[in-house]
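Presented below is the structure to which this report refers.
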Amino acid sequence: MKNFDSEKHVRGESQFVDDLLVPEGTLYAHVYYSRVAHGKILSINLSAAETMTGVTAIFTSKDIPGANQIGGIVPDEPLLAEQYVHFNGQPIAVVVADSAFHARSATEKIVVEIEKLPVITDPREAFSKNELLVPPMTIELGDINATWSKCDIVVEGIAETGGQEHLYLETQGAFAVPVEGGAVKVVSSTQGPTAVQRTISKVLNIPMNKIEVDVLRLGGGFGGKEDQATPWAVMCALAATKLRRPVKMILHRQDDMRMTGKRHPYSSDFKIGLKSDGTILAYEVTFYQNGGAAADLSPAVLQRTMFHCTNSYFIPNVKAIGYSCRTNLPPNTAFRGFGGPQGKFVIEAAIFKAAEAMNVEPSFIQKKNLLKNGDEFPYGQIAERCQAIPCWNSLEQKISIGNVKKKVDDFNSANEWKKKGFALMPICFGISFTNTMMNQASALVHIYTDGSVGISTAAIEMGQGVNMKIHAIAQKIFSINTERIKLESTNTTRVANTSPTAASSGADLNGMATQLACNVLLERLIKFAAEQLHQYDPTKISISDEKIFNDGKETEWTWTKLISAANAARISLTSHHFYSTPKIYFNRESSKGHPFAYHVFGTALIEVTLDCLRGTYEIDAVNIVHDVGKSLQPAIDLSQAEGAIMQGIGWMTVEEIIYNNEGRLITDALSTYKVPDVHFAPKEMNISFLENSENPFAPFNSKAIGEPPFMYGIGAYFALLNAIKAFRPNTTYSAIAPMTPERALSLLYKEVGTLAPAL
Ligand code: MTE
Ligand code: HPA
Ligand code: MOS
């Protein structure tokens, strides 16, 4: 089965927000944002801008009819700045004009006087000034304090990971059309249409039933449109309802990069204690999360960091503390992995350091401590159907770690200026929104009288193939031609009260709801067919390849005949069904519970070659055994894994977000922000799916795929560190990512810029 979107994509026929034909009279909006990261607004002068060609109106916070508030978890973020600005890129005014060009030109004429205030960009500095977005979080298992003295080795250090730009191909944007009675219809490039609807309701002070949000597809989201697609949709809705005209806004790439938040940078302290045989006894970690100027999703992201602080290892004594620190940067937000990668990087750094102290391979410690069934996670959940060891062992069967080590060592002794390195990276990622309440979805399935099927769910298609998976579920159940099934846009009027498509659970939650809805229809149709075929026992009726079978024998009834007859007999051909994940809960006071429906496991082995004169490097090979359960769409799962690994490697290596001390984004274009390209891709990438993995918590024993493979990318960092140490064994370092060529050079030589020691 091929992706039904791919042909449209290649021909440029797929529609994104900017491709929709707009009605006559449509206006275009452009945002004026602060160039100061922290300050008091003294005056806003719009008069020059207002007289510019084509300008219809300019809106500021004073024009907001409801609450000037877009904070989802904590109400701490205005749509448009009032007295203060808290980050460079914070929206202050929205200019609406007859063309996008006029709107943009007028924006340049706005004059805002701001009295500068001190800027904080570093999370530890924010922490020292008690600038926290939410109260600290703690998770504890066992008793670390009683354990340190029992350890043979105790190692301490710091670890840091950087931000990451989402770089969805389709920038943020929205389009709003006023509807009679003060209502509004909004097309938004969002992962969370209900969040958009709810926020418009709050800001415009109109009930949610007057707001219809529709999403056909996104040109990528990666978490960057879970929360941060909302403001642009609200601005369009505000202007559209005020002016009674359609209003469209599409962000320019540079504005998008400057105004939106990114992956959270973290700075962390760790302490790890082991027995001399490599068993980890205790782990203590403190996370300083760089949250930016408002909470956005930071508390939920930090929560997941805490949950994943031990990666796929069992550690009996753990204490993790997390601080979500307020800085003068754009509010950082969801990004593939949602804090999980940041948590895992620190434990991997701790294991790497411990391995040095013990003079063993990091993989020796990793393997020794892999999770098993019955082990307790720091958050109280017990590991079930644990595939950590099966994945590791299966990888070792395919590729011998000993042989890889020998190959690397041989190369390194034969080459002076190039060094190879390798690392293993096991992963364990919990599936479910960490906020239990969000784990719900619904599906609305219509069978039309011609036998074609239309499916609406809460899932957003953003390139991850969720529509293909839901399609496959309906196709399996009805056993009809694939062309008969269409996935509709995601629309808040057809499917209400949705959770965003995030947490890798889009296909799980919406797929389960679709499965339930389709089963209701199938049961109804089978019962009707049984009556028509004078078959007393409906279990004897089945549908296969569009034909109706009675007691295993083909009848002259077909799918289309059955549907048309059912409609004539006044049988409903529509079903709506709801799904909520069973068994999950979490107690925030005790930090214990069963937050995840299940876990995804896997192990990667990454090999790299480092050019020790230049600090540049290549990713030679990535070998992985990954647990996808029973894949619903193997081609999609494979491409999700490949894409996620590339994105993970990019985060760990070449992608570097730099803000200067004034809080201005330096890397605000693709000339200064480097992303991995096809030449940087691993020369070899072998991904196998673990066999015999069952999972009752997702449709047809499948497993979520979207985020987990991102974390294999962490292996690239430690493979590079391994290569650096082959060149300069006594290099002193802290695990600071990304390992850009510049950073690699600084670790290869005592001082950056000095010549190689042999010269
Ligand atoms: N793949 C593509 N092509 N584009 C995306 O935006 N987002 C990722 C992942 N894969 C994304 C993607 C993120 S952050 C998540 S949470 C999941 O897809 C969401 O979709 P799912 O729940 O259907 O897996
Ligand atoms: N993952 C992704 N997005 C989320 C989550 C989560 O666990 N919780 C809230 N939004
Ligand atoms: Mo993904 S970060 O949960 O949108």
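The values are calculated or read from the model by the stated rules, or taken from the named source; none is laboratory data. Please read these numbers as outputs of a predicted model, since none were measured by experiment. Heads up, the Cβs are rebuilt from the backbone with ideal geometry, glycines too, and the neighbour counts pull from every protein chain shown. Each accessible area value is taken on the protein alone, full model and side chains, heavy atoms only, with ligands, DNA and RNA left out. Shrake-Rupley method; radii C 1.70, N 1.55, O 1.52, S 1.80 Å.
Only one of the listed residues (L238, L251) is open to solvent by less than 10 Å² (accessible area, probe 1.4 Å), more than 16 Å from ligand 3 (Cβ to nearest atom), touching a strand residue (DSSP E or B) at 6+ places or on another chain (Cβ under 8 Å) and not basic (K, R). That residue is L238. Screening region 470-481 for residues that are outside any loop (DSSP other than H, G, I, E, B) and touching a residue at least 12 places away in the same chain (Cβ under 8 Å) and picking the one that is farthest from ligand 2 (Cβ to nearest atom) gives F478.
R104 meets all of the listed conditions (1) among the charged types (D, E, K, R); (2) open to solvent by 70 Å² or more (accessible area, probe 1.4 Å); (3) touching a residue at least 12 places away in the same chain (Cβ under 8 Å); (4) over 27 Å from E170 (Cα atoms) but one, namely (4). Checking A67, A97 one by one, the residue that is touching a Ser or Thr at 6+ places or on another chain (Cβ under 9 Å) and among the small types (G, A, S) is A97 and no other.
Taken over region 508-536, the criterion of being open to solvent by 50 Å² or more (accessible area, probe 1.4 Å) and either touching a residue at least 60 places away in the same chain (Cβ under 8 Å) or among the charged types (D, E, K, R) (or both) is satisfied by L516, E523, R524, K527, E531. The single residue among T560, T493 that is open to solvent by 20 Å² or more (accessible area, probe 1.4 Å) and in a loop (DSSP other than H, G, I, E, B) turns out to be T493.
If the condition is being on the phi > 0 side of the Ramachandran plot and under 24 Å from the mean Cα position of the chain (by Cα), then region 129-172 contributes only L167. Pairs meeting the criteria (first residue in region 422-451 and closer than 30 Å to A726 by Cα, second residue part of a strand (DSSP E or B) and more than 13 Å from ligand 1 (Cβ to nearest atom), beta carbons under 6 Å, at least 6 apart or on different chains) are F422/E607; A423/I606; L424/L605; M425/A604; P426/T603; I427/G602; C428/H599; C428/F601. The condition of being modelled with pLDDT under 95 and either small (G, A, S) or more than 16 Å from ligand 3 (Cβ to nearest atom) (or both) holds for only one of T555, T482, that being T482. All conditions in (1) over 30 Å from T653 (Cβ atoms); (2) touching a residue at least 12 places away in the same chain (Cβ under 8 Å) hold for T161, with the sole exception of (1). Within the set E384, E396, the sole residue that is of a type in the set (D, E), buried (at least 16 other Cβ atoms within 10 Å of the Cβ) and either assigned by TED's automatic domain parsing to the domain that holds Q15 or more than 26 Å from S6 (Cα to Cα) (or both) turns out to be E396. Hey, any hits in region 198-217 for a residue that's assigned to a helix (DSSP H, G or I), touching a residue at least 60 places away in the same chain (Cβ under 8 Å) and buried (at least 24 other Cβ atoms within 10 Å of the Cβ)? The answer is yes; a qualifying residue exists. Regarding M437, is this residue open to solvent by 50 Å² or more (accessible area, probe 1.4 Å) and closer than 30 Å to E226 by Cα? For M437, the condition - open to solvent by 50 Å² or more (accessible area, probe 1.4 Å) and closer than 30 Å to E226 by Cα - is met.
Checking each residue in region 433-469 for being within 16 Å of ligand 3 (Cβ to nearest atom), of a type in the set (G, A, S) and in a loop (DSSP other than H, G, I, E, B) picks out A458, A459, G463, G465. Apart from one condition, A126 fits all of (1) part of a helix (DSSP H, G or I); (2) in the same structural domain as L251 (by TED's automatic domain parsing); (3) under 29 Å from the mean Cα position of the chain (by Cα); the exception is (2). When each of L638, L632, L610, L605 is tested for being closer than 24 Å to Y717 by Cα and open to solvent by 10 Å² or more (accessible area, probe 1.4 Å), the lone residue that passes is L638. When F689, F680 are checked against the criterion of being touching a Pro at 6+ places or on another chain (Cβ under 9 Å), within 19 Å of V622 (Cα to Cα), assigned by TED's automatic domain parsing to the domain that holds S394 and open to solvent by 10 Å² or more (accessible area, probe 1.4 Å), a single residue qualifies: F689.
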